[in-house]
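Let me begin by presenting the structure, written as structure tokens, before commenting on it.
The values are calculated or read from the model by the stated rules, or taken from the named source; none is laboratory data. Every value quoted in this text rests on a predicted model; they were computed, and no experiment measured them. No Cβ is skipped: glycine too gets one built from the backbone with ideal geometry, and neighbour counts run over all protein chains shown. The accessibility values were calculated without ligands, DNA or RNA, using every heavy atom of the protein model including side chains. Shrake-Rupley method; radii C 1.70, N 1.55, O 1.52, S 1.80 Å.
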Amino acid sequence: MRAIQLAISSLHIRRNAYLPVSRLPPEMLAKIFQFLVLLDLEWTREGLGWIAVTHVCASWRAIALGCPSLWTNLTFRLGMEWAETMLGRSRGLPLA
């Protein structure tokens with residue numbers, strides 16, 4: 001079962017690489033994610049707001065996790081554990 005899941009995941013990654021949005025530079029996607037942080041949208045499942053972009057694909061997750069400035073606006077609406085995770089991901093940048 002695990003081998004099948006890994007194969008399917010690999011196929012998804014390959015397919016995603018051909019989508020037009022995949023041609024955007026990571027810096028541009030990070031900037032778009034920063035706008036989502038500013039908007040603080042509640043448009044996603046489970047009320048994750050902009051954090052839902054980390055669930056779209058592996059590439060978007062890596063970009064978001066690699067951009068500490070995205071994580072400086074701590075939220076406590078998801079609980080203390082999430083706030084601590086965000087604090088760690090901010091990598092010591094000043095909090096908003």
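Return the total of residues in the stretch 59-96 being of a type in the set (Phe, Trp, Tyr) and out of contact with any helix residue (DSSP H, G or I) (no Cβ under 6 Å at 6 or more places or on another chain). Summing the residues that are of a type in the set (Phe, Trp, Tyr) and out of contact with any helix residue (DSSP H, G or I) (no Cβ under 6 Å at 6 or more places or on another chain) in the stretch 59-96 gives 1.
Listed residues 43, 71, 50; which is in contact with a Gly (Cβ under 9 Å, 6 or more places away or on another chain) and modelled with pLDDT of 85 or more?
Result of the check over 43, 71, 50: 71.
Where helices (runs of 4 or more DSSP H) fall wholly inside the chain, the ranges with 3 or more residues that are open to solvent by 70 Å² or more (accessible area, probe 1.4 Å) are 2-17, 26-39, 80-89.
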